[in-house]
1. Taking Glu29 as the residue in question, decide whether it is at pLDDT 95 or above, of a type in the set (Asp, Glu) and either surrounded by fewer than 17 Cβ atoms within 10 Å (Cβ to Cβ) or not in a strand (DSSP E or B) (or both).
2. Conditions first: (1) open to solvent by less than 70 Å² (accessible area, probe 1.4 Å); (2) farther than 18 Å from Lys126 by Cβ; (3) over 12 Å from the mean Cα position of the chain (by Cα). Ala106 passes all but one, so which condition is the exception?
3. Which of the residues spanning the range 32-56 are open to solvent by 60 Å² or more (accessible area, probe 1.4 Å) and either over 24 Å from Pro83 (Cα atoms) or at pLDDT 90 or above (or both)?
4. If I ask for residues that are in a strand (DSSP E or B) and either more than 15 Å from Leu25 (Cα to Cα) or touching a Gly at 6+ places or on another chain (Cβ under 8 Å) (or both), which ones from the range 45-59 would you list?
5. Inspect all residues belonging to the range 65-86 and state whether any of them is outside any strand (DSSP E or B), open to solvent by less than 50 Å² (accessible area, probe 1.4 Å), charged (D, E, K, R) and at pLDDT 85 or above.
6. So the check is Cβ under 9 Å with 6+ separation or different chains; which pairs have a first residue in the range 112-137 that's open to solvent by 40 Å² or more (accessible area, probe 1.4 Å) and of a type in the set (Lys, Arg) and a second one that's modelled with pLDDT of 90 or more and part of a loop (DSSP other than H, G, I, E, B)?
7. Of (1) assigned to a strand (DSSP E or B); (2) farther than 24 Å from Ile11 by Cβ; (3) modelled with pLDDT of 85 or more, Met113 satisfies all except one. Which?
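The values are calculated or read from the model by the stated rules, or taken from the named source; none is laboratory data. Note that this is a predicted model, so its numbers are computed, not measured. Cβ placement follows ideal geometry from the backbone for every residue including glycine, while neighbour counts extend to all protein chains displayed. We work out accessible area using only protein heavy atoms, side chains counted, and drop any ligands, DNA or RNA first. Shrake-Rupley method; radii C 1.70, N 1.55, O 1.52, S 1.80 Å.
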Amino acid sequence: MGKYESSIKHIPYPPKCVYDTLSDLSNIERVKDRIPEDKQKDLSFDKDSIAITAPMVGKIAMRIIEREEPKTIKFESVDSPLPFNLWIQLLPDGNDGARMKLTLKADIPLFAMAMVNKPLQEGIEKAADALAAIPYQ
């Protein structure tokens, strides 16, 4: 089992505002224009799930399995070459903003760990950066 964590990101919006946006995946429609067109081709989503086709991996889909307002949103893979779970953790930062961290736990075979460690760590960091850049209004 591999565990990958993003650095803590500051978001200049209250945790509840961030949580309300991220806990309903249909809100992706609001920021869809920020996603490169070539990545939107196989993107589908509804309130509780999202699916996309990733290069070299194929189709990846996940769904929300737990919401703990306004602190945590937990996902699990439903269609992926490797099973994984993803958590979005939110905490107040004391200045009407939020701190966010992403954690990914993936069931990676031992022989593949060396190949995927760096790309997964970089990917979780990029995902956290992208989520921190969303206007949560």
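1. On the way: at pLDDT 95 or above: no; of a type in the set (Asp, Glu): yes; either surrounded by fewer than 17 Cβ atoms within 10 Å (Cβ to Cβ) or not in a strand (DSSP E or B) (or both): yes.
Against the criterion (at pLDDT 95 or above, of a type in the set (Asp, Glu) and either surrounded by fewer than 17 Cβ atoms within 10 Å (Cβ to Cβ) or not in a strand (DSSP E or B) (or both)), Glu29 does not qualify.
2. The failed condition is (2).
3. Asp33, Arg34, Pro36, Glu37, Asp38, Asp46, Lys47, Asp48
4. Of all residues in the range 45-59, those in a strand (DSSP E or B) come to 45, 49-54, 58-59.
Result: Thr53, Ala54, Gly58, Lys59.
5. Scanning the range 65-86, I find no residue that is outside any strand (DSSP E or B), open to solvent by less than 50 Å² (accessible area, probe 1.4 Å), charged (D, E, K, R) and at pLDDT 85 or above, so the answer is no.
6. Every condition considered, the pairs that remain are Lys126/Ser6.
7. (1)
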